[in-house]
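The values are calculated or read from the model by the stated rules, or taken from the named source; none is laboratory data. Please read these numbers as outputs of a predicted model, since none were measured by experiment. We place every Cβ from the backbone using ideal geometry, glycine too, and count neighbours over all the protein chains shown.
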Amino acid sequence: MAKENLPSFSKGMFSGVILDELVFPYPKMKEEEAEDLKMMQDSFRKFAEDHIDGQKIDEEEKYPDGLIDQLKELGFMGLSVPEEYDGFGLSATAYTKMFELFGGINPSVAITLGAHQSIGYKGLVLYGNEEQKKKYLPKLASGEMLAAYCLTEPGAGSDAAGIKTKAVRDEENGVYILNGSKIWITNGGVADFFTVFAKEEMPDKDGKMTEKISAFLVTRDMGGITSGKEEHKLGLKGSSTTEVFFEDVKVPFENLLGERGKGFKIAMNVLNNGRLGLAGGSIGALKVVMKEAIAHIRQRKQFRKTLSEFEMIKEKVAQMTVDLFATESMIYLTSGLVDRGDVDYSLESAMCKIRATEVTWHGVNECLQMVGGLGFMKEYPYQRYLRDGRVNMIFEGTNEILRMFTALAGMHERGQYLRKIGTALKGPIKGFGVLTDYATQWLKGRVSTERIRDVHPELAAAKVQFETWAKNMHFSAERALIHVGKNIIYREMIQERLANAAIDLYAMIATISRVDTMITEKGAENCSVEIKLCNTFADQAWRRVRRNLLMVDSNNDREMREIADFIVDQEKYPFETI
Ligand code: MYA
């Protein structure tokens, strides 16, 4: 059973509390694990050189014969399976670093490996009982069984709780009868182990029958499972994506995963893990594409200068580096939080997924631009990585849904608090009483006076920028709650700005912590580039935060909604020039 959660750094930040002990010092992998990791990375790199040809996979829309079997033999299927069940039992940090490598070498291969272990059998690792783990994990670790995660349905994508797949308890035979269909299932055509989420009727706490989501471990040999045809996709062409149908599948009671009716939380917690691996895989891809583009701009000459000498090209290279450095800092700060095992990291992993997939999309696009016409050609990898990376902003939670989740879950606790005051004063949340109380608190300095610990003087300005804007973010979130009240759930443009501010702030603190910890270990004189990266990122980030927060209060949201409604009514863009 996964340990349930202590404080969250980012939820604290929304509430005006900076839990700096969660982010300082920057986490570091144990030496022994770092050595093992290096060996695994070297072995995968060597294997990939001889066996993985990204362009061929893309063109033929399939893996070369035997590739998956070779990956199984090399042991890459059991990275997150604990050692006692024959896996590698990697920490979240080492696991994410492996996915960085996979994502860089070939996103199709990464997605097959990821759907198997980041989400396919992760529920079993987190919530399975001893018997279930003993029965399935060794087979999953060896690759004898390949796993898939089955949540999405034709009528339930972002709205995961809207699933219709049914599980009916047959008490007499000790089985659940499972019926329904799941779409866009990665590994759907090749998996034989499925973590399936379905609704079952069960009594609530008052004994009234109600539908709740439960999670099930389902294997193809139970019968009644069929896979649809392989989908033709924009990218990730080597990976299998199909519909999966469950028709009167008899799932033994002992294959219920976790508690009855607790499947939604299981689904979400699996995704919290998966999102971090996806973030790692994304930046791995960007690193590879950057390397390719840098080799090009160093040698290609125009106007008797190499491309790398042009200032607009320098700007692109520098911006990608600054963004990548900050994103990497967020990802491995978060994997460190996961490895602690006692912290709620749901917001942080969502924020890493959003930032990493967008920085990668933008970065790969910039690399394509830097190499000019060549970037558009099929024999170069730029267009392929762009296509392969596009879905990263859609699956494992669209970035829009994850921004809503970040803002709403971030504000949840503060909203509860304000509601309590509102109820006590018998007024709505936006009542005068609340404002008075809020103002009194503010005047007494009880809200958001937290500071982070001292950092190296080279990072002092970044520290102050973080503290100032973290405090302002908290005030903005609170003002939004007071003014909009419970309608905040419909004000998505406000949520988006608060989420963007929170992402930048989390990236700032992660970068400050990383560089401060480096300075402590190596001395500032040996970290001059990292200090420059940190300070440049912080300087850019606080300006974005300021803009986002200003626009929480002053914006064109009403006009934007009206324009959109008008255009949707017209069913097209209706204007002509005169
Ligand atoms: S798999 C499919 C992905 N699908 C999604 O991600 C669905 C997105 N939707 C959602 O996440 C939820 O429906 C949302 C909730 C968030 C919208 N952690 O009332 P609620 C709790 C913990 O807000 P809803 C795929 O694409 C919440 O606190 N708890 O619910 C694979 C509340 O608890 P309580 C959470 O309005 C592709 C309860 O749930 C979380 O219905 C293959 C209800 O919440 C959370 N995160 O909407 C990828 N969220 O009741 C392979 C909510 O106690 C990847 N809750 O207050 C492999 C990678 C490889 C590398 C690649 C390299 C290129």
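Listed values, structure above:
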| item | result |
| --- | --- |
| Residue satisfying condition, being touching a residue at least 60 places away in the same chain (Cβ under 8 Å), part of a strand (DSSP E or B) and of a type in the set (A, V, I, L, M), within set 215, 267 | 215 |
| Cβ pairs under 7 Å, 6+ apart, first in segment 108-123 and over 9 Å from residue 274 (Cβ atoms) and of a type in the set (Gly, Ala, Ser), second assigned to a helix (DSSP H, G or I) and more than 9 Å from the ligand (Cβ to nearest atom) | 108/57; 123/266 |
| Residues of segment 289-312 that turn out to be of a type in the set (A, V, I, L, M) and surrounded by fewer than 19 Cβ atoms within 10 Å (Cβ to Cβ), as a count | 3 |
| Single residue of 152, 165, 186 found to be of a type in the set (Val, Ile, Thr) and closer than 29 Å to residue 83 by Cβ | 186 |
| Selection count, segment 231-252, where residues are over 23 Å from residue 218 (Cα atoms) and surrounded by fewer than 19 Cβ atoms within 10 Å (Cβ to Cβ) | 3 |
| Filtered residues of segment 153-195 (kept if part of a strand (DSSP E or B) and within 22 Å of residue 238 (Cβ to Cβ)) | 182, 183, 184, 185, 186, 193, 194 |
| Matching residues, segment 57-100, being of a type outside the set (S, T, N, Q) and under 17 Å from the mean Cα position of the chain (by Cα) | 92, 94, 95, 97, 98, 99, 100 |
| The listed residue being touching a Lys or Arg at 6+ places or on another chain (Cβ under 7 Å), more than 9 Å from the ligand (Cβ to nearest atom) and free of Cβ contacts under 8 Å to residues at least 40 places away in the same chain, out of 84, 153 | 153 |
| The lone exception for residue 198 - which of (1) closer than 30 Å to residue 403 by Cα; (2) outside any strand (DSSP E or B); (3) away from the ligand (no atom under 14 Å from the Cβ) it fails | (2) |
| Segment 396-420: number of residues that are more than 10 Å from the ligand (Cβ to nearest atom) and farther than 17 Å from residue 156 by Cα | 12 |
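One line per residue, one yes/no per condition, for (1) closer than 19 Å to residue 286 by Cα; (2) modelled with pLDDT of 95 or more; (3) more than 16 Å from the ligand (Cβ to nearest atom); (4) surrounded by fewer than 18 Cβ atoms within 10 Å (Cβ to Cβ):
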position: 341; (1), (2), (3), (4): no, no, no, yes
position: 347; (1), (2), (3), (4): no, yes, no, no
position: 351; (1), (2), (3), (4): yes, yes, no, no
position: 360; (1), (2), (3), (4): yes, yes, no, no
position: 365; (1), (2), (3), (4): yes, yes, no, yes
position: 370; (1), (2), (3), (4): yes, yes, yes, no
